[in-house]
Structure formats: structure tokens, C-alpha cells
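J.: This is the structure I have questions about; it appears just below.
The values are calculated or read from the model by the stated rules, or taken from the named source; none is laboratory data. If you're wondering where the values come from, they're calculated on a predicted model, not measured in any experiment. When we count neighbours, we look across all protein chains shown, and the Cβ atoms used for this are built from the backbone with ideal geometry, even at glycine. What goes into the accessible areas is simple: the full protein's heavy atoms, side chains included, and nothing from ligands, DNA or RNA. Shrake-Rupley method; radii C 1.70, N 1.55, O 1.52, S 1.80 Å.
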Amino acid sequence: LTSKGVPTKGLLCHYRDVTLERARRKQLETLAEIMSSDGGERVLDRLVNGAAELAQGDIAFVGRYNEIDKSITVVASCSPENHLDGLTYSLENTPFQSVFADHLCVFDSDLQARFPNDQMLQEMNIIGYAGRRLLDHHGNTVGVFVLMHTKSIQNNEHAASLIDIVSS
């Protein structure tokens, strides 16, 4: 900051970090491309595959909520062994329970320590988790969208942004 005849007193700067904005734009472009391609796959399959690729996640899936027994049944998945479709999973003592309580949940690391009774997390060596409830037009929970990682999630904002885009 300067004034006539007065020495410089300071410098005024404006800084805007566009990293998340650029990442979100890339996510939207990639998902739009995936969704518009006609690869013969179901839309949900293309969506979970694209999301797993964008998030550099190991597993992605969409699960339908079963209100009677408070469980999730996987209806579309992307995993190394593709053995998740049709799997039914209880909400109790799992990260899914947190998703239902908080709507959006990101656990960047230490997932197995937080949910020691969740045997599947142990078996699949899951460390990072991001998930969101899926709602119908009345606001009722109909399912979840989940990304799981065998390593720590490096950027929570990026993961949350991707989850928001995919689940809307």
C-alpha cells in the first residue's frame, strides 16, 4: 500500500485456490462422458466404475436400503473381484451406520480401528471410506453410494465432492 510521498507500507494480495473447483469440473466432465457412452453396461455399473476410477478407490458400489432388517444390498459394484453384487450387509457397527446418521461420511484412515466388529473391512483390508445416503424425491432413504480404499484417503474434500456429484 502506498500513498503520494509516503514509503510503501505493505502489499495487498488476493489469493483464490481453484484446486477443488478444477477437480470438481474434471469429475463432472468425466462422469458426463461415462454416462453418455453406450458401452452396453447398465447405467449404475458405468457410474460406480467411473467413480472408482476418479477417486482412485479400490471399491465403489450402490446399495439398496432394506428398512425391515436395517441392511444394505449391493445392486451395482466395482471391485477387484466383483463379488459384491447381491451382498447384503447389516448397518449395525459399520461405517454405513455413520452414513445414515450423518448423511455424508468420510473416514480418511483408521477405518478398521473405528469399526473393529466389521469383519468385511478386515477381510478386504479397507482403510479409507466415503459414503452418502441416497434419497428419493420425498427425502426417504433408498440406499447408499460408497467408495472404499485400501489406503488412506489423501483429500477429503475431493472425496466428498465426488460423492456429492455421483449421489445427486
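J.: Using a 7 Å offset from the Cα along the Cα-to-Cβ direction at both THR73 and GLU123, what is the distance between the two label points in nm, to one decimal?
T.: Here the answer is 1.9 nm between the modelled labels.
J.: Using only the alpha carbons of the range 41-168, what is the convex hull's orientation-averaged projected area in square nanometres?
T.: In nm², the orientation-averaged hull projection of the range 41-168 is 7.2.
J.: Which log10 I(q)/I(0) values, to two decimals, does the range 97-168 give at q = 0.17 Å⁻¹ under the Debye formula with one point per Cα?
T.: -0.62
J.: Tell me, in nm to one decimal, what length is gained between HIS103 and GLN56 on full extension, where the rule is 0.36 nm per residue of separation less the Cα-Cα distance?
T.: 14.7 nm
J.: In debye, nearest 20, what is the charge dipole magnitude of the range 37-128 about its Cα centre with +1 on Lys and Arg Cβ and -1 on Asp and Glu Cβ, if you could check?
T.: Once rounded to the nearest 20, the dipole reads 160 debye.
J.: Mind listing which GluC sites (Glu not before Pro) in the range 51-146 are in a DSSP loop and have 12 or fewer other Cβ atoms within 10 Å?
T.: Those satisfying the criteria are GLU67, GLU81, GLU92.
J.: Same structure again: Can you give the net charge of the other residues whose Cβ lies under 15 Å from the Cβ of GLN154, counting K and R as +1 and D and E as -1?
T.: -3
J.: So if we plug the beta-carbon distance of HIS138 and ARG25 into 1/(1 + (r/R0)^6) with R0 = 30 Å, what FRET efficiency do we get, rounded to 0.05?
T.: That pair, HIS138 with ARG25, gives E of 0.45.
J.: A follow-up question, please. Could you sort ARG22, ARG42, ARG133 by accessible area so the largest value comes first, with the probe set to 1.4 Å?
T.: Descending order: ARG22, ARG42, ARG133.
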